[in-house]
Amino acid sequence: MHLKRDVGIVAGCLMTIAVSLAVVAGEDTTGEAESVWRPLFDGGTLGEWHPTEFGGGDPPEVVDGAIRITPGADLNGVTWSGEFPRSDYEIALEARRVDGHDFFCGLTFPVGDECGTLILGGWGGALTGISCIDGRDAGDNETTDTMVFEAGRWYDVRVKVTRTRIECRVDGQVIIDQDIEGRRISVRSEVAPSQPLGIATYATTGEARAIRWRPLP
């Protein structure tokens, strides 16, 4: 039991080191090198991530170098309690669905004075989009789309936020490129406890690792 936990911690730490070394060496899957990535998760402890107060379910924990979020009454997740920018940044993580058929990654992130949520695998397992734009959620606005997500597979997730745009990528492919000038960005009321930065699942077990961010010029 202890050996498995220790191996997971070492794996998570090695992953964080590898990400940092790759950036220093000038390697980046998006072809950009604006600034050095700053880790938000060490692979061994939750650190400044705390269980989100959704109610119900077991608290998330670190398993084999990843944050594992099991199903709650409906939602379950973690919320970041440390400092984080409101704009002009990029956040990245690897996420996967372990079990279940709804969203395994509901990434809530700051957008100026408000917040939005990137949904991956919602509404039956395939829907992607941002909640909410002008009051319309991920299933009913111009960012709404579908994508096949394989259980057990890790997906590289990137979100860029500037004062005028939100760009989201999965495995290097742009899935959302949304102009937000003059638009109202918000989160669904159920997800409000994830603000300003959080990761949630819905009736699904999901995992997240290699969580990091960097400022944009």
Query raised in the report: Within segment 124-142, which residues are farther than 15 Å from residue 105 by Cβ and either under 17 Å from the mean Cα position of the chain (by Cα) or surrounded by 19 or more Cβ atoms within 10 Å (Cβ to Cβ) (or both)?
Result: 132, 133, 137
Query raised in the report: Considering only strands (runs of 3 or more DSSP E) fully contained in segment 107-217, which possess at least 2 residues that are more than 28 Å from residue 42 (Cα to Cα) and in contact (Cβ under 8 Å) with a residue 12 or more places away in the chain?
Result: 127-131, 173-179
Query - Any chance residue 100 is touching a helix residue (DSSP H, G or I) at 6+ places or on another chain (Cβ under 8 Å), of a type in the set (Gly, Ala, Ser), surrounded by fewer than 20 Cβ atoms within 10 Å (Cβ to Cβ) and modelled with pLDDT of 95 or more - result: no
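Here's the yes/no breakdown for (1) of a type outside the set (A, V, I, L, M, F, W, C); (2) over 15 Å from residue 87 (Cα atoms):
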| position | (1), (2) |
| --- | --- |
| 154 | no, yes |
| 163 | yes, no |
| 167 | yes, no |
| 172 | yes, yes |
| 180 | no, no |
Query raised in the report: Between residues in segment 41-66 that are within 10 Å of residue 209 (Cα to Cα) and residues that are of a type in the set (S, T, N, Q), which pairs lie under 8 Å by C-beta distance while being six or more apart or on different chains?
Result: 41/16; 42/16; 43/16; 62/45
Requested in this report: Counting only residues that are more than 15 Å from the chain's Cα centre (by Cα), give me the strands (runs of 3 or more DSSP E) lying completely in segment 38-79 with at least 1 of them.
Outcome: 61-63
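The values are calculated or read from the model by the stated rules, or taken from the named source; none is laboratory data. Given the structure is predicted, the values throughout are model-derived calculations rather than measurements. FYI the Cβ positions are ideal-geometry reconstructions off the backbone, even for glycines, and counts take in every protein chain you see.
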